[in-house]
1. I'd like the carbon and sulfur percentage of the solvent accessible area for the chain, probe radius 1.4 Å, heavy atoms only, ligands and nucleic acids excluded.
2. Tell me, what is the per residue accessible area of segment 1-152 in Å², probe radius 1.4 Å?
3. Full extension from ASP39 to ASN137: what is 0.36 nm times the residue separation minus their Cα-Cα distance, to one decimal in nm?
4. With each pseudo-label sitting 7 Å past Cα toward Cβ, what's the VAL149-GLN14 distance in nm, one decimal?
5. Considering amide H positions built from the backbone, and no H for Pro or chain starts, which residues 5 or more places from LEU110, or on another chain, come under 5 Å of its amide H?
6. Which sequence of CYS134, CYS32 reflects their accessible areas, 1.4 Å probe, from the largest down?
7. For segment 28-51 and segment 78-138, what is the separation of their Cα centres, given in Å?
8. Specify which labelled value, from (i) 347; (ii) 146; (iii) 97, agrees with volume of the Cα convex hull per residue in Å³ derived from the coordinates of the model shown.
Amino acid sequence: MHGYALENLHEYLQPGMRALDVGSGSGYLTACMAEMVGDNGRIVGVDHIPGLVEDSKRVLDRHYSEWMQSGRIKVLTGDGRKGYPDEAPYDSIHVGAASSHVPAELIAQLKSPGRLFVPVGSFSQNIVVYDKDCNGNVKEHEIMAVRYVPLTDPEKQ
């Protein structure tokens, strides 16, 4: 699924662009995104599990220390449902867990133009792409049915 996400976000992961990776987990996709945005780009990874964030920082620092030190990659503990407004707006946002509803807070953090790739739904889920045009208008389209873990907080995990 990571490859499919990168393919769909490719236009919004060009050199110098900024992206948010919600539910960044191990940091694997975060690193792939960082490769795509190049030296002048920035990727912020957010996960709500502190131990997972610390593990991903350790692994990313071991393999991509220059990217971590330069700020090309930033990984932090937080509530991904709220995104990370401190560094918004983002050219693209990837979400690695299913939102139960249209993620308005994440859409608000997209640049115009920008793209959000997110699984949406509770029992029945679909990958939905939200495209914000240069005027701030948002269009959505479903790509395919999927099954992801819910986008939640540590207490409900």
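1. 51
2. Details: 7340 Å² over 152 residues.
Value for segment 1-152: 48 Å² per residue.
3. Computed gain between ASP39 and ASN137 is 32.3 nm.
4. 3.5
5. TYR90
6. On the way: CYS134 100, CYS32 35 Å².
Solvent-accessible surface, decreasing: CYS134, CYS32.
7. 16
8. Derived directly from the coordinates: (iii).
The values are calculated or read from the model by the stated rules, or taken from the named source; none is laboratory data. Please read these numbers as outputs of a predicted model, since none were measured by experiment. Note that each Cβ is placed from the backbone with ideal geometry, even for glycine, and that neighbours are counted across all protein chains shown. Ligands, DNA and RNA are excluded from the accessible area calculation, which covers all protein heavy atoms including side chains. Shrake-Rupley method; radii C 1.70, N 1.55, O 1.52, S 1.80 Å.
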